[in-house]
């Protein structure tokens, strides 16, 4: 029961995070398509905007979660060796956590 | 004499085995296009996940300072090989997104009949290649 409900909430969060990332990608690609290739000033001005920073942070955190759930489901379909699987799972957790923490540093802690 | 007795037994033991696919057929087997769409969705997903840390490194470089942005342009953007990898990743995100939207429609039990599944799988490839080409053309 507990395992089943965990799976259902994971299923929903996987899709909600996908929609969040999609909205953000539409936003960024739309900006790039309209304005063309940015120069350093334009690019850094965009990322100095607090609203855009928060949207970026939300999108990266959603990506990290989405990737975590996705990769954890994909590995065992192809990797049957338990030791190799454990290494891949550990890598997946570490990489997701690193992405989440690093994105906070890049957007709010740098300089 | 003993052969006569064991023969029917052996025959019942050697029942035909129906595999989904035999090794000999593997070379000639063509995965149906909805199957290709599904496996490419997985491959692009894993590729994006693995490259995420490199993408963050590039984002940090481009935001660090004006010199960092120029360094990104010189090291990454001016390098044809790196550019091809980045275009590959652009295709991966575009494809993964559009194929993901198709999968979410299929979550509602729509688009599951074979002609529609084939047509939408084909459309996902066509659309994501088109969008990738459009962005590359605009930002090259």
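The condition of being within 10 Å of chain A (Cβ to nearest Cβ) and either in contact (Cβ under 8 Å) with a residue 40 or more places away in the chain or over 22 Å from residue A:43 (Cα atoms) (or both) holds for only one of B:50, B:40, B:124, that being B:50.
Could you tell me which of the residues A:34, A:25 is under 26 Å from residue B:77 (Cα atoms), within 10 Å of another protein chain (Cβ to nearest Cβ) and surrounded by 13 or more Cβ atoms within 10 Å (Cβ to Cβ)? Answer to the selection: A:25.
Go through the residues of region B:68-82 one by one and say whether even a single one is within 11 Å of chain A (Cβ to nearest Cβ), at pLDDT 95 or above and part of a helix (DSSP H, G or I). Can you show your working first?
Here is the first cut: in region B:68-82, the residues within 11 Å of chain A (Cβ to nearest Cβ) are B:68-73, B:77.
This time we only want the ones that are at pLDDT 95 or above, so: none.
No, region B:68-82 contains no residue that is within 11 Å of chain A (Cβ to nearest Cβ), at pLDDT 95 or above and part of a helix (DSSP H, G or I).
Of all the criteria given as (1) within 24 Å of residue A:13 (Cβ to Cβ); (2) exposed (fewer than 14 other Cβ atoms within 10 Å of the Cβ); (3) touching a helix residue (DSSP H, G or I) at 6+ places or on another chain (Cβ under 8 Å), the one not satisfied by residue B:109 is (3).
Filtering B:134, B:63, B:90 for residues that are within 19 Å of residue A:38 (Cβ to Cβ), touching a residue at least 40 places away in the same chain (Cβ under 8 Å) and within 12 Å of chain A (Cβ to nearest Cβ) leaves a single hit, B:90. Of A:79, A:84, all but one fail to be in contact with a helix residue (DSSP H, G or I) (Cβ under 6 Å, 6 or more places away or on another chain) and more than 10 Å from chain B (Cβ to nearest Cβ); the exception is A:79.
Taking residue A:20, is it surrounded by 14 or more Cβ atoms within 10 Å (Cβ to Cβ) and touching a residue at least 60 places away in the same chain (Cβ under 8 Å)? No, not satisfied.
The values are calculated or read from the model by the stated rules, or taken from the named source; none is laboratory data. Just so it is clear, the structure is predicted and the values come from calculations on it, not from any experiment. A quick note on method: Cβ atoms are made from the backbone with ideal geometry, for glycine too, and the neighbour counts reach across all protein chains shown.
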